[in-house]
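Okay, structure first, notes after.
The values are calculated or read from the model by the stated rules, or taken from the named source; none is laboratory data. Treat the numbers as computed from the prediction; the structure is a model and nothing was measured. Glycine gets a Cβ as well: all are built from the backbone with ideal geometry, and neighbour counts include every protein chain shown.
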Amino acid sequence: MFDSLIYSQYCYDYLVAQIDPGLLFYTHIPTAIIALIFSAIIFAKNRDTVSSSLLMICFLFTLWAYLDLNAWLVFLGAENTLFNWSLIDLIGICIFFSSFRFIYTFHFSIDLSQKWYLVSCAIILPAVLMTFLGLNITGYNTITCEAYENQYSLYYTYFVQASFISAILYVSLHKWRSARTVAERNKTLLATSGMSIFLFFLFSAPFVVNLLSNYTSVEFPYNYEIYGLFGMPVLLGYLGYLIVKYQAFNLKLISAQLLIVALLSLEVAQLFFYSTRSELYVKIATLIFTSGFGYFLVRSVQREIQEKERNERLAKDLSVANERLRELDTLKSEFVSIASHQLRSPITAIRGYTSMLLDGSFGTISEKLLLPIQRIEESSRFMALSVDDFLNVSRIESGSMKYDTAIFSLSKTTSSLVDDLRAAAVKRGLILTFKNEASTDVLVKADEGKVRQVLQNVIDNAMKYTPKGSVTVTLCTDLDKKRSVVAVVDTGVGMSKETLNDLFGKFVRAKTANTVNVYGTGLGLYIARKMIMAMGGSLKASSKGEGYGSTFVMELPLTSTSA
Amino acid sequence: MQSICLIQYRSMKHANYLLLIFAILILVTGLTRYKDYVIARNYVVYTNVPCDTELNNCFQFDCSNLDGDCDESPFTKIEIEASKAPRCLFENDCKTFFCTDESMCTKLECNDDTVEDGELCVS
């Protein structure tokens, strides 16, 4: 594989006896390429200080991996080994500085202050000078094909690296303490952990190697150095998780993309290990198949995510529109309230004067005028009722409806109401009856006036929509549920299922309503139900269909006395 | 009075200059090392060459505590300027080697001061 590149056969044999060259390529090349691509994508999509810091780390890491790999390939000649070896520590220090800059900008969204820059430069400068003057390398050992390093230079490198790790932990702790949300703390923790692991691998590997070579008789201690490179995939894993979970770097990467990239990287790395040509072809074919499969998988997941995002956007727009509609509804209610109040005063005056005219307060009126005045009185009465309906709706919707709650006898109220309405029923040719099936007096705690208003509305409706037959009002109690029940059953026109569904809505009127009651607003049942619900009860309607009559059931909670 | 934004902006500009200067410094350092090591071959080579025990005090690996392969042939330690070193030194296959130019090459005799752990002096 390397035959044409071998400059020193002795060093080649020495290297092969020490380590598998395939392992060197496996640990150095894919990791560096993935890191570079990953950071380049982030930088391309989001050109800010954080992304540029990450790109700088990955670029320096790639350079470091290149130098390290070349230093390992000792068969390329002593000059090659020395040149690459002499720069490794300096580039390593630059990686540590860039990592600190990245963590700082990631946490605080601003670049390092001038003070931090100056301190960092002051620490790095001696290392640059030592490298520039060639003081970090003292010579070349032809027996081990390695460079001799100046121990003081090496210790200074460890000092600088440890300083930057400490600075990273310091600023991260500061950020973690000042974080306001759990998500912010988690992000801080994840970024710091990933970076610390990456740097610890990079820092500890040469440190351990140095210890092994100085104080133990371990054969080929430098073999352990290559494991320092595995810190980078760990960092990328952490950053990938940050992107997927918290949309860090304003990126919307998805787990599927990261998984496919990781899978492809592993397969590319496998290409460095093959014993026969057919094995290599199988690996290449697998790589191509995985690439194609991965492409379609990612596209499919992306489409689903786009669809989901579109739906979320629509739901959000709908929510905004609903909120706007609610505001408009409130404005409408306010308008109706104001308008109704303005109408009420003149109507009251009209009704008062027409009533006085009919009573003869202004003298006897002629037969010719009697009918028109009666019409005026009747119309103004309906108009007053309509205005009352509008005002009630307005009060219900604004929550300003007042309920004078007190304990009263529902039996007496219902009985008295039925008695009052009986004359009107007889006038229409209907039989209106009241059945009290409760064994005792039914006491409820509610606003008596409003309960009476609701019952009157329901019985009035029943009479209006019953051309012939009867209207039966029944009072009973459900002692198990502690409820009083008033059922109004008529033999009238009945209702279709569609009508029943909308019956308690605002401004809803039956199809035949205009032939029965031209003045109706379609608000009566809406108001009745809202009032009963506000008093802890319910109002329901049922019908077997058109022509089969209707049943309205009003429930109210019983007081402890009656129960 | 300068605005905070302006101070921040100028500070960032200084920081960018600093980064640029550092990048240039590192590049220059790299070029210097390349010139020194690759072009001028200006470095010291440490190697071992065969030694005649009848003429010199030679080094020998102490194989008494080692299992497996151990080369017991006597050797002399040489420090030599890379530019003056013959290729056989890099391949560790010089049959005989003498330091002709003392200013460029140093031959280390084995004695109590120069012998290291795992080595013996033989003569």
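Overview of values
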quantity	calculated
Residue in region A:350-360 that is part of a helix (DSSP H, G or I), modelled with pLDDT of 85 or more and closer than 25 Å to A:ARG395 by Cα present	yes
Residue in region A:69-82 that is surrounded by the most Cβ atoms within 10 Å (Cβ to Cβ), counting only those that are under 19 Å from A:ILE95 (Cα atoms) and within 14 Å of chain B (Cβ to nearest Cβ)	A:ALA71
Subset of region A:393-420 [in contact with a helix residue (DSSP H, G or I) (Cβ under 6 Å, 6 or more places away or on another chain) and at pLDDT 90 or above]	A:PHE408, A:THR413, A:LEU417
Hits in region A:181-230 (condition: part of a loop (DSSP other than H, G, I, E, B), more than 20 Å from A:ILE243 (Cα to Cα) and without any contact (Cβ under 8 Å) to a residue 40 or more places away in the chain)	A:THR216, A:SER217, A:VAL218, A:GLU219
Single residue of region A:100-141 satisfying the filter (β-branched (Val, Ile, Thr) and surrounded by fewer than 23 Cβ atoms within 10 Å (Cβ to Cβ)) that is nearest to B:ARG87 (Cα to Cα)	A:THR138
Single residue of region B:61-84 satisfying the filter (within 13 Å of chain A (Cβ to nearest Cβ) and part of a helix (DSSP H, G or I)) that is farthest from A:THR81 (Cα to Cα)	B:SER83
Selection within region A:265-309 - polar (S, T, N, Q) and closer than 25 Å to A:PRO233 by Cβ	A:SER265, A:GLN270, A:THR286, A:THR290, A:SER291, A:GLN302
Of all residues making up region A:465-504, the number that are surrounded by 18 or more Cβ atoms within 10 Å (Cβ to Cβ) and within 16 Å of A:ALA423 (Cα to Cα)	4
Those residues of region A:92-124 which are at the interface with chain B (Cβ under 8 Å from one of its Cβ atoms) and either under 26 Å from A:TYR66 (Cβ atoms) or among the charged types (D, E, K, R) (or both), in sequence order	A:CYS94, A:ASP111, A:CYS121, A:ILE124
Region A:140-173, residues that are without any contact (Cβ under 8 Å) to a residue 60 or more places away in the chain and on the phi > 0 side of the Ramachandran plot	none
Filter result (loosely packed, with under 15 Cβ neighbours inside 10 Å, closer than 18 Å to A:TYR14 by Cβ and over 18 Å from the mean Cα position of the chain (by Cα)) within region B:69-104	B:ASP69, B:CYS70, B:ASP71, B:SER73, B:ASP93
Pair list, Cβ under 9 Å, 6 or more apart: region A:461-482 residue farther than 19 Å from A:LYS435 by Cβ, other residue loosely packed, with under 13 Cβ neighbours inside 10 Å	A:TYR465/A:THR512; A:PRO467/A:GLY429; A:LYS468/A:GLY429; A:LYS482/A:SER560
Any hit, region A:362-375, residues being assigned to a helix (DSSP H, G or I), surrounded by 11 or more Cβ atoms within 10 Å (Cβ to Cβ) and in contact (Cβ under 8 Å) with a residue 24 or more places away in the chain	no
Residues that are within 7 Å of chain B (Cβ to nearest Cβ) and touching a residue at least 12 places away in the same chain (Cβ under 8 Å), drawn from region A:125-136	A:VAL128, A:THR131, A:GLY134
Restricting region B:25-60 to residues that are part of a strand (DSSP E or B) and away from every other protein chain (no Cβ under 11 Å), the residue that is surrounded by the fewest Cβ atoms within 10 Å (Cβ to Cβ)	B:PRO50
Hits in region A:21-45 - residues which are hydroxyl-bearing (Ser, Thr, Tyr) and farther than 17 Å from A:TYR241 by Cα	A:TYR26, A:THR27, A:THR31
Qualifying residue in region A:65-81 (condition: more than 30 Å from B:PHE90 (Cα to Cα) and at pLDDT 85 or above)	no
Unique residue being in contact with a Pro (Cβ under 7 Å, 6 or more places away or on another chain) and more than 19 Å from A:PHE108 (Cα to Cα) when the list is A:VAL209, A:VAL244	A:VAL209
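Per-residue answers, yes or no, for (1) buried (at least 17 other Cβ atoms within 10 Å of the Cβ); (2) touching a helix residue (DSSP H, G or I) at 6+ places or on another chain (Cβ under 8 Å):
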residue	(1), (2)
A:PHE159	no, no
A:PHE164	yes, yes
A:LEU169	no, yes
A:THR181	no, no
A:ALA191	yes, yes
A:MET195	yes, yes
A:GLU225	yes, yes
A:PHE230	no, yes
A:VAL244	yes, yes
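Residues checked against (1) touching a residue at least 24 places away in the same chain (Cβ under 8 Å); (2) within 21 Å of A:ASN210 (Cβ to Cβ); (3) touching a Ser or Thr at 6+ places or on another chain (Cβ under 7 Å); (4) buried (at least 21 other Cβ atoms within 10 Å of the Cβ):
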{"residue": "A:HIS28", "(1), (2), (3), (4)": "yes, yes, no, yes"}
{"residue": "A:ALA44", "(1), (2), (3), (4)": "no, no, no, no"}
{"residue": "A:VAL50", "(1), (2), (3), (4)": "yes, no, yes, yes"}
{"residue": "A:LEU63", "(1), (2), (3), (4)": "yes, no, no, no"}
{"residue": "A:LEU67", "(1), (2), (3), (4)": "yes, yes, no, yes"}
{"residue": "A:LEU87", "(1), (2), (3), (4)": "yes, yes, yes, yes"}
